[in-house]
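In what follows, a single structure is set out as structure tokens and then discussed.
Each reported figure results from applying straightforward, stated rules to the coordinates on display, with no laboratory input. This is a predicted model, so every value here is computed, not measured. Backbone-built Cβ (ideal geometry, glycine too); neighbour counts: all protein chains shown.
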Amino acid sequence: MAAARRANWTANVSEDAAKAESAEAEWIRLARAGDRAAFAQLVRQHESTVLRVAWRLLSDAHDAQDAAQDVFVRLYDHLDRFDVRRPLTPWLYRITVNVCRTHARKRSRRSEAEREAARDSAQHQSNIGAAEASDWLERGLARLSPRERVALVLRDLEGLSAKEAAKAMRCAPVTVRTLAARARLKLKRLYEAEERGLEE
Amino acid sequence: MKCERRDVAIAKLVGGDLSRWRAATLQRHLDTCPRCDTLRSDLAKRQIAVRNAERSFEANRGDVIADAVFARVDARRSSKTGQRFRRRAVAGVLTAIVLLAAVVLQFSTVGEDAPPQVSKVSVTESIPSAVLDDDKPLSLAESPRPDVIIRIETQNPDIVIYWHGDSAGG
């Protein structure tokens, strides 16, 4: 009985997913034909994923929004080449990771003062996450190496499988597993150190 | 197994990144080692906290981002059109300059290649000295035909053309 109910639920979920994918394919087809409303619909559908990942990788709302715009500009440019039979999300993860890497590199060339000013203005102007700027997770992510950070964000926060995360990072799944494990250990040690500091 | 490698393996176990066989092997160790078991439970607690650390995003930013994307695409397109126009204009001007230079060169070399105009032609006849030196009287039929030398002077004083026709008509 329970097995039948589970099978029914799985069938419903996969049916919903198939419907969403076919709607997405239709929006891509329309956007290719120049329908901007369809493209806006695609952006609405994926913007929270892209923004969330970008913010976690960059720790800066302003940079995250810039990165999200870059990702969707690339999507717009590559619509013609995109295979509508494939889901869009894995591709978006990969592009987001690449764009964020570029933004992080650019940001490392900016001075600390500029970064601080950009962060302040972004937090005042942006609707996203001003209250969470000093989030413990963000502090922890900032201490990880770039690759460990991407692996942890994709694997543990976004819930991607090692294979999916590996595709986004263009490396082997075993590398993702090791990077994510090291990141988990580092985060744990960091929080323990912080807690010890608070107790003292 | 060294501690560092074991810690990484425990972190993999917590994330569900170990194969069933390796997970079972590690679990056997965890059952006997309190230090490693504590690490596992700490990592698991932290894992739950990380997974629950969802951020609240404003749901309606799609239009803002889409508008920004369209603005950038349009700006890029117009700048591309401008660039294309500028590139074509530069190519056109360069082609015109090259063509003009070719025409000028062509005309300037025509004058140099053409033969200078003839200003004066003079014809002189001379009897070969070898014949004249002989004391033997010559009959009319035997009388030598003189060589002909034509001197052509041109408007260019450096160019004077001589044409020598010998007695045999060569």
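Given R0 = 35 Å, the distance between the Cβ atoms of B:VAL160 and B:VAL104 translates into a calculated FRET efficiency of 0.65.
Here the Karplus curve 6.51 cos²θ - 1.76 cosθ + 1.60, taken at θ = phi - 60°, turns the phi angles of segment A:71-76 into couplings of 4, 6, 5, 5, 4, 4 Hz, with x standing for Gly and Pro. Counting neighbouring beta carbons within 10 Å and listing from fewest to most, the residues B:THR124, A:THR89, A:THR175 come out as B:THR124, A:THR175, A:THR89. For segment A:25-39, backbone phi angles converted through the Karplus equation (6.51, -1.76, 1.60; θ = phi - 60°) give residue-by-residue couplings of 4, 5, 4, 5, 4, 5, 4, 4, 7, x, 7, 6, 5, 5, 5 Hz, Gly and Pro being listed as x. The trypsin sites (Lys or Arg not before Pro) of segment A:144-181 that DSSP puts in a loop, and whose beta carbon has at most 15 other beta carbons within 10 Å, are A:ARG170. Expressed as a fraction of 2.2 N^0.38 Å, the value expected for a compact globular protein of N residues, the C-alpha radius of gyration of segment A:134-200 is 1.19.
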